[in-house]
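Here is the structure we will look at.
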Amino acid sequence: MLPIQPADRKWIKHSRGVVKINVVAAIEEGKMGLGVIVYDEDGFVLGGYGCVKDMTFNSEWAEMMAIEE
């Protein structure tokens, strides 16, 4: 068994004027939930979006649909 190596993970501030967009999709039994959140270099939330659709795709297509929405 390999020893557990502690991971040094932390949020790294991105460049001034750059926004980060996080996208998520949850798929279950003929429906999918889509979510998007946009924030700036200080972590301030600029906007977000969420919805439920009565259709399903694989996770990659669902996330692309969330970006399009």
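The values are calculated or read from the model by the stated rules, or taken from the named source; none is laboratory data. Bear in mind that the values here come from a model prediction, so they are computed numbers and not experimental data. Cβ sites come from the backbone with ideal geometry, for glycine too, and all protein chains shown count toward neighbours. Surface accessibility is based on the protein's heavy atoms, side chains included, excluding ligands, DNA and RNA. Shrake-Rupley method; radii C 1.70, N 1.55, O 1.52, S 1.80 Å.
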| said: Is it the case, given these coordinates, that A66 is small (G, A, S), in contact (Cβ under 8 Å) with a residue 12 or more places away in the chain, surrounded by 13 or more Cβ atoms within 10 Å (Cβ to Cβ) and touching a Ser or Thr at 6+ places or on another chain (Cβ under 7 Å)? | reply: no
| said: Being open to solvent by 50 Å² or more (accessible area, probe 1.4 Å) and either at positive phi or without any contact (Cβ under 8 Å) to a residue 24 or more places away in the chain (or both) is the filter here; which residues of the range 32-52 pass it? | reply: I37, F44, V45, G48, Y49, G50, V52
| said: Among the numbered criteria (1) in a strand (DSSP E or B); (2) in contact with an Asp or Glu (Cβ under 9 Å, 6 or more places away or on another chain); (3) open to solvent by 90 Å² or more (accessible area, probe 1.4 Å), which one does K13 miss? | reply: (1)
| remark: Going through the range 22-53 in order, the residues found to be within 14 Å of the chain's Cα centre (by Cα) and aromatic (F, W, Y) are Y39, Y49
